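Input: a single structure, listed below in structure tokens.
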Amino acid sequence: MRENHFTGKFNNFMKGNSFYLFLIMIGAFAAFLFNVKSFELFGLSYKVIPFMAAAAIMFIYLLRLESVRVSGLAIVFFALLLYAFFVTLFGYYSPDGIFLLFFLFCNLILFAALENMKFKRQQIFNAVFLISYFDALFSSFEYAMKSSGWTKIIIVPHFLYITGSSTIGGLLYQPNLNSLLLNIGLIISAFKIIDYRGKRFGIIYLFILYLFFVINSSFGASRAGMLAVSVVFIMVLLLSHFKRIDLTQTERRRLFLMIFAYFLIIFSMHNSPVAKFAHQGLAADPSIDKRLIIWTASIMLWIKHPFFGTGVETFKFLNNPYQLSAANFLHLPSNEIGNFIWAHSEPIQILVELGAVGLIAISILIFSYYTKMVKSERKPYRWLTASILMLFLVQASLSWPMRHPALLGIFFIILATGRRRFLFTLKGKTKILLIAGLFAVYTAGAVNILPSMINGFSYNISKPKDTNKKLEKLWRLSKNPFLFWMTSGRFLQIGTVRYLKITTGIGHLPLKKEDIKKEQMTEAEKKEAYILKKRLLFESKKAERLQKIWITEYYRGLAYLFNGNLKKAKQYAKKGISMNPNANSLWVLLHFINVKNAAIKTGKPIENFLPSKKEIKLFGNSTKKMLKLLQKRVSSDQSIYQ
């Protein structure tokens, strides 16, 4: 094909090194874009747009190549996506799962394009290192601000802010996820030190950078992060010991010095993972209790669907009802039961959602990858890709990094830097047919998720009869009470926030005087609020048929509150508190019921009985202080207004 002036320039740009840095910067931009409320990353689905755009560019790039090489890894990933798609399509609930699979498909296209590019691995690592370095800078800034008492400060609207939480979450706003991004920079700097061949000043500069990453990594107090770094260091030491990595005497000394420095800092800093563990212990750590309950409940759920699982992103609907049984089985307090979106362990969540078939297939893939690495690679720097992937694997076992778009994008980019074996090369019409087929899948996926990207994942509340037919049919066929959480809990989560947004303007129960909505609702809002509150009560009664868990009682209390039955609302709020006395939301609900009751009895405005901003500052950033204040006010309300 003859190239015109523009096409020639475009191809040169695609083949140039600047393009790879451009691609990584898309990932960096995505990391910024995804940080706000990262736990809602697939509800706030506009965040996938940078990856969709990058995938579209990659289609153009692949089309302009004379030949396209296809690796065995790319084929296996595509086969796994295909398997996950059918499991999800015929599973219990597909919209969220299809969205995640589409995002993974976009990453697969990026991966396939990177495999066909001639690039220097060093450039990719440098760009990822730069992202991690920016995260470390922001983590230091965040630590300094919070240590000085400055919290809840918006730096750049919708992008950068200092949270009210006492933990250091960096650009990803979550300690475990942020520790992974920081640990990537830590490991890259460690391998740079091992491989350094320049002047002494350069090695000192690199070591200072390494210490900077270690210190920032300790700020988040992530024990999963500490374990991941430890596993990587142990892996390198073992490979060196068994002569699978060739390290000189100088390189060994550098490695031991870095390991010593890492553990010295981790053990000495007052807010490090070790300090957190020493302070809380194992038995008294609520995060461990929660994980044990979730994992046990997940195994109970998996036993009912052992081979093919329940479908991608269905865990959050199906796990909740099993948690009470899991808590009783483990003899743990039921106040640790909650409404968890993820399993806090990727292997367990994969087992639940894709079944034993999916987990075994992924495990074989990982095992074969590292087996080939051990057999073929001896140069230290060649193990950098495998070491970063090991960070992902270890932290994914105790957290959810593979559910975060920014981290998942970095994972695929790093994966493309490893050595791969190409099975075949496509040219001419065969190449065009392959790209056309993949683009058809891309287009179908984009069209399918567009309504959700515009409107968010929610049911059409104005036409309740037309929603959820598939789930209702599944329930009628199986008579499985656990499916009620899917049919009811999904609507309760979204419908409650929508109702409060309409009626209060803030999307949650008023906590202070300033939260009360002053302006009147429009006629359309009044109509929507009326439909919503009736539907919420109906769905909460359905959810009541589940095993009793505090979150069910909470939603039922809210539904009766919205419908004006304060006596019933208080009954369910107290019932929830008896199950979980540490649930902040239940105390807020009970307090609000009491002050609303007081307002009705006295004829005074409800804001007269809510605390002001000044009073709210009494509990500062501490959840325990807030809980104590709310309990005190509820006690006061009960004695005065009953």
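The values are calculated or read from the model by the stated rules, or taken from the named source; none is laboratory data. As the structure is a prediction and not an experimental result, all values here were calculated from the model. Neighbour counts run over all protein chains shown; Cβ positions are idealised from the backbone, glycine included. Each accessible area value is taken on the protein alone, full model and side chains, heavy atoms only, with ligands, DNA and RNA left out. Shrake-Rupley method; radii C 1.70, N 1.55, O 1.52, S 1.80 Å.
Packing around the peptides 595-601, 608-614, 426-432, 90-96, taken as the average count of other Cβ atoms within 10 Å per residue, puts them in this order, highest first: 90-96, 595-601, 608-614, 426-432.
The solvent-accessible area of Trp150, taken with every protein chain present and a 1.4 Å probe, is close to 150 Å². The string of couplings for the range 403-409 from the Karplus curve (6.51, -1.76, 1.60, θ = phi - 60°) is 9, 9, x, 4, 5, 5, x Hz, one whole number per residue in order, with x for Gly and Pro. With all protein chains kept in place, the per residue accessible area of the range 47-171 amounts to 40 square angstrom at a probe of 1.4 angstrom.
Each residue of the range 494-508 was assigned a 3J(HN,Hα) from its phi angle through the Karplus curve 6.51 cos²θ - 1.76 cosθ + 1.60 (θ = phi - 60°); the sequence is 7, x, 5, 4, 5, 4, 5, 5, 5, 8, 10, x, 10, x, 8 Hz, with glycine and proline shown as x. Measuring only protein heavy atoms, the 1.4 Å probe finds Phe422 accessible over about 60 Å². A cut-off of 5 Å between modelled amide H atoms, ignoring neighbours fewer than 5 places along the same chain, links Ser71 with Leu423.
In sequence order, the range 435-440 has phi-based couplings of 5, 4, x, 5, 5, 5 Hz under the Karplus curve 6.51 cos²θ - 1.76 cosθ + 1.60, θ = phi - 60°, and Gly or Pro positions carry x.
In terms of accessible area, using a 1.4 Å probe and ignoring ligands and nucleic acids, Ile208, Ile187 rank largest first as Ile208, Ile187. Under 5 Å from the amide H of Leu160 lie the amide H atoms of Ile155, each residue being 5 or more positions distant or on a separate chain, with H modelled from the backbone and absent for Pro and chain starts. Among the listed pairs Lys542/Lys601; Lys290/Lys568; Lys568/Lys614; Lys542/Lys568, those with a Cα-Cα distance over 24 Å are Lys542/Lys601; Lys290/Lys568; Lys568/Lys614.
For Phe242, the accessible area of its heavy atoms, probed at 1.4 Å with every protein chain present, is near 140 square angstrom.
Quick one: of Lys118/Lys427; Lys152/Lys512; Lys304/Lys575; Lys533/Lys604; Lys533/Lys567, which pairs are farther than 22 Å apart, Cα to Cα? Correct reply: Lys304/Lys575; Lys533/Lys604.
Could you look at the range 89-136 and say what percent of its accessible area is carbon and sulfur, using a 1.4 Å probe and all protein chains? Answer for the range 89-136: carbon and sulfur cover 68 percent of the accessible area. With every protein chain in place and a 1.4 angstrom probe, the accessible-area ranking of Asp246, Asp195, largest first, reads Asp246, Asp195. Of the Cα atoms belonging to the range 289-424, the radius of gyration and Dmax stand at 17.4, 56 Å.
Here the range 139-229 exposes an accessible surface that is 69 percent carbon and sulfur, computed with a 1.4 Å probe and the other protein chains kept in place. The order of Phe213, Phe340 by accessible area, most exposed first and with a 1.4 Å probe, is Phe340, Phe213.
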